[in-house]
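Just so it is clear, none of the values below were taken in a lab; they were calculated from the coordinates. Remember, it's a predicted structure, so these values are computed and weren't measured experimentally. Note that each Cβ is placed from the backbone with ideal geometry, even for glycine, and that neighbours are counted across all protein chains shown.
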Amino acid sequence: MLEKRVVQRFALIPEIDIKTGDDVARRSVAARKNLSHIYSHLYSGLYGGSASGLHKTSIERIVKGHPRNFHPDIYREDELHRVWTEVKATNAKMKSPKISERQVENYSFEVAYSTWSDGRIPLYDTAVFVYGNSQERAGLDALSNRSLVKKVANETRELIVFPFNLLYFLLLHQDFSRKIVMNQETSGSTINNANYWIMVQKKLTLLSNGDEFMQKLREEMTFMKRSCDTFKDGLLCLDDLDFEESNSPENIFCRGFRIKPFKIIKYFNRNEKKWVQSFVQNQGTILEQDLGIKALYLKTFEEQERALSPEEKFDLERKKLKEEEEQSRLEFIQQHGFDPDAFPF
């Protein structure tokens, strides 16, 4: 018999009694946040890493002199990688997760900022849980917290995980996603109108079938090379994309409920290092020219560089040169299996 694996204990927002009209909206927001929190911890239980709390810890980076908060759902690291994961949940009826423009900017910045800082490869993934069925009518706000966990345990249908080069493809392709503006006043955000991509239901369903999607991807890449520099020059390194399918373990428990096994399809890059290098070198083209969002790392670096004295600029150039030399050394080690610096001539 398999040993019982228990998802780490975590808190949920207490249920809100409806006494006024405002309580209806507050209960709905609380239910969505609790669902996201449950799935973040479930993902952490499957793949490791630490899940952020309901009030997520901020990682501040200075952009144009203004602090911008970065709220990853999951962070994990090993000897080779630093990985941030954004967890989404969507019901089978809608199957249209929303991707925040601001989140994509933040994750992209964090990858560029962290590149080669300690020799580990920085990555970020998007994980989409699909739950429920296409006929359900009752909203999440009608459920108690216990019933919400039970719903997750019994009705999670699949998990789709994809790396950020595939995410960029999905956002760039109008058949896979479209842009919307959302009012976030009821969600506790300080941003009233925020830009999002919403993924198209039928196309997300296509991602559930790895072979079918990979065939579609090859066809679409050929077509998009004619009109988009990112695809014309192979900047997303999608030729190195692959996938694996599995089922979740049968022995996972969450807050007393056994999680019924569900399908997992995980897309990944066979050459992660090549893709990250391409992204760092071409982020202006990928993010600003084609996706139409801010390449925060480039803007921050440019502003800092303009404010430097000649001496500081010289030191910065030396630092950049050292980083390039270190990157070349690491590539040599990976290719030849030994450190050239260990054999001085």
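In table form, for the structure just shown:
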{"read-out": "Positive minus negative residues near G292 (Lys, Arg vs Asp, Glu; Cβ under 12 Å)", "value": "-2"}
{"read-out": "Region 5-294: C-alpha pair distances exceeding 27 Å, %", "value": "41"}
{"read-out": "Which listed pairs, of K216/K299; K93/K274; K151/K266, have C-alpha distances above 32 Å, in listed order", "value": "K216/K299; K93/K274"}
{"read-out": "Low-density loop cleavage sites - trypsin sites (Lys or Arg not before Pro) in region 219-270, where at most 13 other Cβ are within 10 Å (DSSP)", "value": "R226, R270"}
{"read-out": "For I264, distant residues with modelled amide H under 5 Å away", "value": "L159, S246, N247, S248"}
{"read-out": "Which of N183, P72, L140, positive extreme of dipole for region 5-294 (C-beta unit charges)", "value": "L140"}
